[in-house]
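Just below is one structure, and these are the notes that go with it.
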Amino acid sequence: MLLSGPGAPRAGGWLDERLPLRDLRRVLRRWRRTRPFWGGLLLILGGAELLVVPLSPLTVLVSLGLGGIAAIGIGIALMAAGLFLWLLPHAHHYVSVNALILSVLSFAATNLGGFLIGMLLGIVGSAMGFGWTPVPDDDQEAAGRPKVRDGQGTRTLAVLLPVVLAGAVLWGAAPARAAPGDGGIVAARTPPTVTTTLFAPQGFIVAGVTEIPTADGPLKAMVLRMKAASLTDYRLTTRDGSRELTLGADTLDLSGEVTLYLTKFKGCIEGILCLTFTPDRLPVPPLVPPFVFMTQVSAEQALVTSDTIVAGGLRLGARA
C-alpha cells in the first residue's frame, strides 16, 4: 500500500538514514543549492578533459605543439571558471560568458576541443552557470541555508585564484610601479569622460584600487594595467572652467606598460554582456584573456600613463 500526503516518508529517505556522515552530507547539500554547482562541475570536467588529451600517451595524437599548449591554458582557465562558479556565485553571468568563449575557441585552438568532449562539457556548463538563479529565501530550508554574500568576504579569493593558476604562466608577475602621487602628478578635479566603440586590450589585469591626488583631495580609482590597448572612435570630454574641451581620434594605440586610473568603467564584453565596474565593484576574474574585447565603452578616466601613445585622425575642440 502506497502512502501519500504530508505524513508519507520522503523518497529516498531510507537511503539517507543508512548512509554514513549524514550531517556532513546535509551541509554539503545546502552549500550546493546556493550556487550553480552542476555548471561549475561540468566546467571543471571539461577543463580536465582538455588537459588530459594533449598529455595522454595515445599514439593517435600528434606531438604536443601549439595545440597542446593552448589546450593546457584553456583547460586551466575552464577549471578556474568552474571554481569561480562555486566560490563566487554572484558573478556567474560574467564568468559563464568568458567560459563559453573559451569553450568555443578550444575547437580551433586545441585538438578539436578535446575531440569535442571538453568543448561540449564547457558549453553546457557555461549555459547552466549563466541560467542559474538563487533559491528563494522562503524555501523550506531557508532558515539553515547559508546566504550568498555580495562578494565582500570572498574578494580576496577572486584576486588570488586566477593569479595562482594562470598569472605566472600567461602574463608573468606585474612589476611594482610607483603610485601617481609619488611623482607629483595631480589629476583633474572632475575625471574626464572617455568613450570608444571598441576597446581591445592585451595582457589586461586589474591591479586593485588606489587613491590618486587631485586639487580637491584624494580620489578613489580602479587601477587597470595592460601591455597594450587599441581604441577605435576614441573621444575624451572634459571641462576647463566654463568651457567643454574635447579630444577625438579615429584610432588610439597605447603600448608599453599602460596603466589606467578609472572611477567608472562601462562596456559590453564581446558586444554581448554589458557590465559596469567601479572601485567598489571590481571585475571578476581580474585577469582577462587576450582575445576578449569590449564595445560601447564609457569610462571616467582620472589618469592614464603609457610609454607610447599613437593617435590617428586626431581632433581637438572647445565650446562654451
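Any read-out appearing in this document is the output of simple, stated calculations on the displayed coordinates, not a laboratory observation. What you are looking at is a predicted structure, and each value in this text was computed from that prediction instead of being measured. Please note: Cβ atoms are built from the backbone with ideal geometry, for glycine as well, and neighbour counts cover all protein chains shown.
Calculated FRET efficiency, V209 to F115, Cβ-Cβ distance, R0 = 30 Å: about 0.10 to the nearest 0.05. Going by amide H atoms built from the backbone, whose H comes under 5 Å of the H on F293, apart from near neighbours? For F293, the qualifying residues are E270. What the Kirkwood sum gives for the range 182-241 is a hydrodynamic radius of 13.5 Å, with every pair of different alpha carbons counted. Here, the range 193-319 has an Rg and a Dmax of 14.3, 42 Å when only alpha carbons are counted.
Please give the FRET efficiency for T237 paired with T133, using the beta carbon to beta carbon distance and R0 = 41 Å, rounded to the nearest 0.05.
Details: r = 39 Å, r/R0 = 0.95.
Efficiency, rounded to the nearest 0.05: 0.60.
Between T246 and R189, the simple label model (points 7 Å from Cα in the Cβ direction) yields a spacing of 2.3 nm.
Each of L316 and L273 was given a label point 7 Å from its Cα along the Cα-to-Cβ line. The distance between the two points is 4.1 nm.
Phi angles across the range 199-212 convert, under the Karplus curve 6.51 cos²θ - 1.76 cosθ + 1.60 with θ = phi - 60°, into 3J(HN,Hα) values of 10, 10, x, 10, x, 6, 8, 8, 8, x, 10, 9, 10, 10 Hz, Gly and Pro given as x. Residues whose amide H comes within less than 5 Å of that of L303, counting only those at least five positions distant or on another chain, are Y261 (H built at 1.01 Å from N in the peptide plane).
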